[in-house]
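S.K.: Input: one structure, supplied below.
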Amino acid sequence: MPQLTDQELHNLAMNIVGKDLEDQGYEFLGVNSDFKKDPQFVALKDKKLHFVIVRAIEYPYDPREVDMIFLESVKQHALKFEARTFYAGVGLANSKDYELPVSSSEDYVVNYPGLKEI
């Protein structure tokens, strides 16, 4: 069972968050799927610019925990554009056994608490 790479986990999280943003009526201006470049989504909603940082968080880590020191630099960048900044942590776990890595051949469980403004 091939374990998903960091980039594949990130792409999975991006798809989950992207669908959520779409469902909420966001208009995408830019999408960056490289997990080392932030923000991942630059979007418009209600004529306001939004920066969204996406992170795939593997079990046992909590997708609600935010590294504020890291996010502060992104927030400062967003402020130059008068943009709101959001964090989207997507918890992922192997559905058969949370202790096993997420793999391409098995189902997974998603813990996505939604956008958190920073």
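S.K.: Work the Kirkwood hydrodynamic radius out for region 1-52: mean of 1/r over every pair of different alpha-carbon atoms, inverted, in Å. Display every interim value, and only then the final one.
M.R.: Values: mean 1/r = 0.0854 Å⁻¹.
When all Cα pairs of region 1-52 are included, the Kirkwood radius is 11.7 Å.
S.K.: Quick query: amide H of TYR108 versus all other amide H atoms, modeled in the peptide plane; which residues come in under 5 Å with a sequence gap of 5 or more or a different chain?
M.R.: Under 5 Å from the amide H of TYR108 lie the amide H atoms of SER95, each far enough along the sequence or on another chain.
S.K.: Right, something else. Taking the Cα centre of the chain as the origin, how large is its charge dipole in debye, to the nearest 20, when only Lys and Arg (+1) and Asp and Glu (-1) carry charge on their Cβ atoms?
M.R.: Working: 13 positive and 20 negative charges, 115 e Å.
Dipole magnitude for the chain comes out near 560 debye.
S.K.: Next up: Along Cα→Cβ, 7 Å out, is where each label goes; now give me the distance between the ones at ASN11 and ASP62 in nm to one decimal.
M.R.: Label-label distance for ASN11 and ASP62, simple model: 3.1 nm.
S.K.: Which listed residue (THR5, TYR26, VAL42) has the Cα farthest towards the positive end of the charge dipole for region 1-47, taking +1 on Lys and Arg C-beta and -1 on Asp and Glu C-beta about the Cα centre?
M.R.: The Cα lying farthest towards the positive end belongs to VAL42.
S.K.: Also: Along its principal axes, what span do the Cα atoms of region 1-108 show, with the longest given first and each in whole Å?
M.R.: Reported extents, whole Å, longest axis first: 44, 29, 20.
S.K.: Taking 7 Å along the Cα-to-C-beta vector as the label spot, tell me the LEU29-LYS116 distance in nanometres, rounded to one decimal.
M.R.: With each label placed 7 Å out from Cα toward Cβ, I get 2.5 nm.
S.K.: Which net charge results for the neighbourhood of LYS116, defined as the other residues with beta-carbon distances under 13 angstrom from its beta-carbon, given Lys and Arg at +1 and Asp and Glu at -1? Walk me through the numbers on the way to the answer.
M.R.: Details: positive: ARG55, ARG64, LYS75, ARG84; negative: ASP20, ASP62, GLU65, ASP67, GLU117.
Around LYS116, the surrounding residues sum to -1.
S.K.: Just list whichever of LYS96/LYS116; LYS37/LYS116; LYS19/LYS47; LYS19/LYS116 have alpha carbons separated by over 23 Å in the model shown. Before the final figure, lay out the partial values.
M.R.: Working: LYS96/LYS116 29 Å; LYS37/LYS116 19 Å; LYS19/LYS47 20 Å; LYS19/LYS116 16 Å.
Result: LYS96/LYS116 exceed 23 Å.
S.K.: Still on this model: Amide H to amide H under 5 Å from LEU115: which residues, 5+ apart in sequence or cross-chain, H placed 1.01 Å off N in plane?
M.R.: none
Any read-out appearing in this document is the output of simple, stated calculations on the displayed coordinates, not a laboratory observation. Since the structure is predicted, the reported quantities are computational estimates derived from the model, not experimental observations. When we count neighbours, we look across all protein chains shown, and the Cβ atoms used for this are built from the backbone with ideal geometry, even at glycine.
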